[in-house]
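So the structure is just underneath, and the comments pick up after that.
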Amino acid sequence: MLKIAVCFKYVLDEVDIKVDVATRTLKKERVAMKISDYDRNAIEEGVLRACEAGGTVTAISAGSETIRKGFKDALSRGADNGVFICDDTLADASAAESARVLAKAIEKGAYDLIIFGEGSSDMFCQQVGPRVAELLGYPVISYVNKLSVKDEYIKAERKLEDGIEIVSCKLPAVVTVSSDINTLRIPGMKQILAAKKKPLEELCLSDIDISREEILSYKTDSKEIATVMDRKKILYSGSDAVTNLVNCLMSQGVI
Amino acid sequence: MEFDLDFMLDDDHKLFHRNVREFCQTELAPGYLERAKKHEFDMETYKKLADFGLLGFMLPEEYGGQGDAMDFVAMGLAVEEVGRADFSIGYALLTCVNALQIVNNYAPDHIRESFLPQYINGDVLIGMALTEASGGTDLAGMTTTAIKDGDYYILNGEKSSNSFVDAPYHIIYAKTDPDAGYRGISAFWVPMPDESDPTVSRSVFSDIGCKPIKRGAISFKNHRVPAENLIHKEGAAFKMGVKGEDSARPLCALQCLGCAQAALDDAIAYSKQRTTFGNPIASYQGISYPIAEAATHIAACRMLCYQALWKADRNIPYTMEAAMVKWWGPSLAFNTIKQCLLTHGHFGYSDEYSLAQRMVDVMGLEIGGGTEHLNKLLVAQHIIGKEARGR
Amino acid sequence: MSNILVFSENRELLCEMLGKACELASDNQGVVASGWDSDEEYAKFGADKSYIFDKLSESGRVEDVVPCLKEIVSREDASIILIGATKRGKEIAARIAAAKDAVCITDCKEIGREGSTVEVQRMVYGGMALKVEKIERFPLVVTVLPRMFAKKELQKDIRSEAMSIPTDSKINLIERKTSCIQVVDVEAADRVVVVGRGFEKKEDLSMAQELADVIGGVLACTRPIAEDYRWMPEGVYVGLTGKSSKGKLNISLGASGQIHYVAGIVDANVTVAIDANEQAPIWNATDYGIVGDLYSILPELIAEIKKNKI
């Protein structure tokens with residue numbers, strides 16, 4: 001019985017974030033949250049592989065109370081149960097902190113295959129998967145866009161800058177996946193209601209032998225400066241639109 | 001007047017709402033305008049509704065349906081988003097609450113077992129023919145007859161203004177007792193024979209909007225239907241359809257409001273970009289006030305629609321609210337879209353923009369599914385009483 | 001003595017990082033290069049010391065170098081580790097960082113040092129904001145994108161050591177399929193035409209190619225066109241995780257303007273867009289545009305330009 005763990009991050013939906021042009025800050029109030037884009041593909045991949053090879057999928061995430069609702073979404077996508085490492089020091093946790101905490105939770109569960117998205121849609125650090133693998137001493141295959149599991153081995157295709165690399169290794173192993181690994185199925189009401197009945201285990205930092213001080217020691221002093229686009233935003237319309245556009249570009253010397 | 005107050009969508013509905021919006025915008029919205037211009041229902045796009053589970057609304061899980069997972073409020077959320085993305089496909093969802101409920105609740109088992117799985121899977125369409133050229137509102141006045149002859153009923157007459165006229169199956173309303181008013185109306189499950197059969201002929205109208213749903217007429221000349229295809233029993237048709245009508249009304253309204261919202265969003269974006277005399281036109285109150293008014297009315301009508309559906313989910317009577325939004329919603333949507341078209345100035349007049357198409361599309365529901373007049377009469381009767389009953 | 005370590009399997013990128021490493025190095029810090037190239041090359045661009053790895057065998061993978069790098073980090077007491085931000089490099093960087101319990105900053109746009117604090121800048125929220133972080137925890141791992149820093153000729157005397165790579169990796173290489181497609185260099189182009197999902201089929205891209213030809217530019221695409229539809233090779237997608245269009249002119253056709261794409265055109269001098277959706281975010285990133293059906297506008301645009309060129 002294949003035991004798969006999929007780690008997901010519940011993030012702010014960047015389409016809702018507004019920019020305060022005057023102060024160059026991001027306005028994050030009243031922004032809805034979502035499961036990070038590639039992590040949705042990771043969950044889907046876990047579910048597909050579990051279905052094919054016969055197994056279970058556990059959705060794991062670490063954060064503060066604000067991410068609890070993410071589990072309803074993750075479970076509605078086909079995971080069988082969830083593990084939630086909850087502590088307020090984990091709000092906006094960096095890759096280093098998340099990896100430490102997730103590695104401990106994964107160790108407790110003795111999973112065969114651990115799947116991550118290649119990076120999160122908010123920070124896109126692309127680190128947590130390989131970090132967790134290193135902490136656990138497991139092999140890691142990153143940037144995978146095709147995955148298969150047979151007996152105790154996985155075979156994966158990695159899409160890299162210079163082409164495709166096809167590799168295999170024995171389980172247990174960690175994999176990070178790209179968005180083109182599968183096509184997402186969007187859960188309907190039936191799957192959403194079914195999520196309620198699935199078990200959710202909660203762990204606190206002491207359950208995994210990590211102290212708050214350790215987490216706090218990774219925090220850095222940082223600020224975000226919104227990028228402000230300063231474009232002319234001139235739209236041409238009507239039957240002369242194309243002519244006017246071309247004349248404008250020619251007068252600017254760009255064509 | 002007492003009212004019920006519970007404004008929040010629960011977490012499950014919130015998540016479903018996000019998902020159905022994502023589904024509609026990625027799978028249904030692209031290509032709407034192109035599809036809307038053809039008298040052809042795109043089965044490939046339609047089938048995506050099946051993949052998302054929408055066609056299984058209130059249908060048995062054993063056939064792949066949603067069981068009771070989706071309630072009316074969820075269906076409302078879905079219909080509104082579908083209406084926003086591709087108006088005509090929304091009609092397919094309305095079918096879920098009328099024709100499909102009749103089949104599921106009253107049709108003989110052999111019909112349920114063979115048809116329901118096909119329908120839920122998005123493989124087949126169904127039409128429901130009540131209206132005739134002589135009357136839609138005046139249902140009791142229908143002239144199509146179904147006369148018993150041994151193991152058959154013989155259908156004669158013409159149904160008109162029926163959606164999905166070339167669907168392979170229809171529920172046909174006909175009089176088994178021509179002298180008995182609405183109590184003489186029965187419903188039949190009628191598989192359509194192929195074109196060469198002279199006893200049934202079908203024609204598609206050339207409509208100005210909702211072309212994909214292929215509204216048209218079906219005419220029967222001594223067409224034999226097996227007696228076992230009678231749905232439930234003789235004279236029961238009118239009562240069977242009433243429940244579905246009530247729930248269809250807020251859904252029709254939401255379908256129209258979703259479409260109007262799409263137009264409003266376009267107008268808002270346009271008003272910010274388009275500049276005249278050095279200012280975005282949104283800064284002129286002649287542009288921003290109509291947008292504000294439309295948004296107000298849509299918000300109010302939308303809330304009343306969801307209140308009606310919320311009541312439906314709790315078996316609290318909601319006929320009055322349903323009638324209110326059915327006369328109000330489509331008309332409000334039409335006027336909103338027209339205003340949005342005018343906001344776009346002369347570009348709005350082009351058929352390369354979706355505004356004109358949305359306008360003629362929603363207009364269809366000012367007529368179909370119960371006219372404005374019928375629904376106002378229903379509201380008046382509720383509020384005033386029997387004195388308001390029509391002559 | 002703590003040193004600065006620089007690694008990449010990509011020679012060009014490694015040499016770009018060496019100059020920055022020299023800048024970051026304090027008086028008693030050396031710059032150590034590790035890679036597969038020649039130590040003369042590393043010396044030319046500022047390395048004081050180098051570890052040259054044995055050529056990888058047929059079944060060897062770049063990632064096999066991780067144990068070697070861990071060893072080098074220990075030997076050199078590396079306080080800052082710069083790794084080229086290729087996909088392989090990012091995996092390697094994350095693993096080294098985990099092993100050394102270090103913070104790792106990905107895809108940095110700028111690194112500076114003030115006393116014992118290192119300041120790093122990178123894009124977040126798909127390019128919506130720049131995150132500036134001040135770090136005082138060492139070692140620190142930073143991955144650096146290609147062409148972020150310029151090479152500097154700083155000829156040094158170099159000490160070199162060879163290092164062999166372990167062959168006991170738990171991951172087996174089955175096959176490598178290198179892409180032989182020659183891709184245009186989008187980042188070097190003055191004029192770029194970008195196709196997005198507004199195009200209905202692959203064959204229609206020829207219209208866009210015609211536009212690119214007529215303005216003397218190159219054809220590129222948005223990420224979904226390369227990754228999801230696979231109508232064009234990956235090396236020509238413009239966006240936060242792809243190439244930057246930073247020439248005189250960028251024309252977006254049927255690209256709705258998602259923030260990931262827009263992040264790739266911020267440095268273009270003039271941006272033009274054609275899209276059917278007036279609510280699309282692309283308009284915020286556009287200098288001049290037309291809302292409409294690109295299938296009717298594009299031929300008109302090509303004809304108009306041709307007319308003017310005669």
Of all residues making up segment C:104-147, the number that are out of contact with any Leu (no Cβ under 9 Å at 6 or more places or on another chain), among the β-branched types (Val, Ile, Thr) and more than 8 Å from chain A (Cβ to nearest Cβ): 1
Qualifying residue in segment A:119-136 (condition: more than 9 Å from every other protein chain (Cβ to nearest Cβ) and in a strand (DSSP E or B)): no
Residue satisfying all of: in segment A:156-165; in a strand (DSSP E or B) and within 7 Å of chain C (Cβ to nearest Cβ); modelled with the highest pLDDT among these: A:Glu165
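Out of segment C:5-23, which residues are part of a helix (DSSP H, G or I) and surrounded by 24 or more Cβ atoms within 10 Å (Cβ to Cβ)?
To start, the set of residues in segment C:5-23 that are part of a helix (DSSP H, G or I) comprises C:11-23.
Listed by number, the residues that qualify are C:Leu13, C:Leu14, C:Cys15, C:Glu16, C:Met17, C:Leu18, C:Lys20, C:Ala21.
Evaluate the following for C:Ser59: is it surrounded by fewer than 20 Cβ atoms within 10 Å (Cβ to Cβ), within 12 Å of another protein chain (Cβ to nearest Cβ) and touching a residue at least 12 places away in the same chain (Cβ under 8 Å)?
yes
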Residue in segment A:228-239 that is more than 14 Å from chain B (Cβ to nearest Cβ), free of Cβ contacts under 8 Å to residues at least 60 places away in the same chain, in contact with a Ser or Thr (Cβ under 6 Å, 6 or more places away or on another chain) and surrounded by 14 or more Cβ atoms within 10 Å (Cβ to Cβ) present: no
Candidates A:Val144, A:Val101, A:Val83, A:Val132 - the one that is under 29 Å from C:Ser179 (Cα atoms) and under 19 Å from the mean Cα position of the chain (by Cα): A:Val144
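Test of understanding: among C:Ala188, C:Ala212, C:Ala208, which residue is in contact (Cβ under 8 Å) with a residue 60 or more places away in the chain and either within 17 Å of C:Gly247 (Cβ to Cβ) or exposed (fewer than 15 other Cβ atoms within 10 Å of the Cβ) (or both)?
Numbers: C:Ala188 fails: in contact (Cβ under 8 Å) with a residue 60 or more places away in the chain; C:Ala212 fails: in contact (Cβ under 8 Å) with a residue 60 or more places away in the chain.
Just one listed residue meets the conditions, C:Ala208.
Checking the condition over 30 Å from B:Phe52 (Cβ atoms), out of contact with any Ser or Thr (no Cβ under 7 Å at 6 or more places or on another chain) and at the interface with another protein chain (Cβ under 9 Å from one of its Cβ atoms), which residue from A:Ser168, A:Ser142, A:Ser179 passes? So that I can check it myself, show each step before the final result.
Values: A:Ser142 fails: out of contact with any Ser or Thr (no Cβ under 7 Å at 6 or more places or on another chain); A:Ser179 fails: over 30 Å from B:Phe52 (Cβ atoms).
From the options A:Ser168, A:Ser142, A:Ser179, the qualifying one is A:Ser168.
Only residues that are under 23 Å from the mean Cα position of the chain (by Cα), under 20 Å from C:Glu58 (Cβ atoms) and without any contact (Cβ under 8 Å) to a residue 12 or more places away in the chain: list them for segment C:139-185, please. Quick ask: steps written out before the conclusion?
Step one: list which residues in segment C:139-185 are under 23 Å from the mean Cα position of the chain (by Cα), which gives C:140-153, C:176-185.
The next check asks that each one be under 20 Å from C:Glu58 (Cβ atoms); those that pass are C:176-180.
Hits for segment C:139-185 are C:Arg176, C:Lys177, C:Thr178, C:Cys180.
How about segment C:113-138: which of its residues are in contact (Cβ under 8 Å) with a residue 24 or more places away in the chain and either of a type in the set (A, V, I, L, M) or assigned to a strand (DSSP E or B) (or both)?
Filtering segment C:113-138 for residues in contact (Cβ under 8 Å) with a residue 24 or more places away in the chain gives C:113, C:118, C:123, C:125-128, C:133, C:135, C:137-138.
Correct list: C:Arg113, C:Val118, C:Met123, C:Met128, C:Glu133, C:Ile135.
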Helices (runs of 4 or more DSSP H) (entirely within segment B:42-149) containing at least 3 residues that are under 27 Å from B:Thr199 (Cβ atoms) and charged (D, E, K, R): B:109-120
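List the strands (runs of 3 or more DSSP E) that sit entirely inside segment B:160-252 and contain at least 2 residues that are touching a helix residue (DSSP H, G or I) at 6+ places or on another chain (Cβ under 8 Å) and not hydroxyl-bearing (Ser, Thr, Tyr). Give the steps one after another, and end with the answer.
Values: elements: B:169-175, B:185-191, B:200-204, B:216-226.
Once the strands (runs of 3 or more DSSP E) in segment B:160-252 are filtered for at least 2 residues that are touching a helix residue (DSSP H, G or I) at 6+ places or on another chain (Cβ under 8 Å) and not hydroxyl-bearing (Ser, Thr, Tyr), what remains is B:169-175, B:185-191.
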Filter result (out of contact with any helix residue (DSSP H, G or I) (no Cβ under 8 Å at 6 or more places or on another chain) and either within 14 Å of chain C (Cβ to nearest Cβ) or closer than 25 Å to C:Gly292 by Cβ (or both)) within segment B:311-346: B:Gly345, B:His346
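The values are calculated or read from the model by the stated rules, or taken from the named source; none is laboratory data. This structure is a prediction, so every number in the text was calculated from the model and none was measured. In this analysis, Cβ positions are derived from the backbone assuming ideal geometry, glycine residues included, and neighbour counts consider all displayed protein chains.
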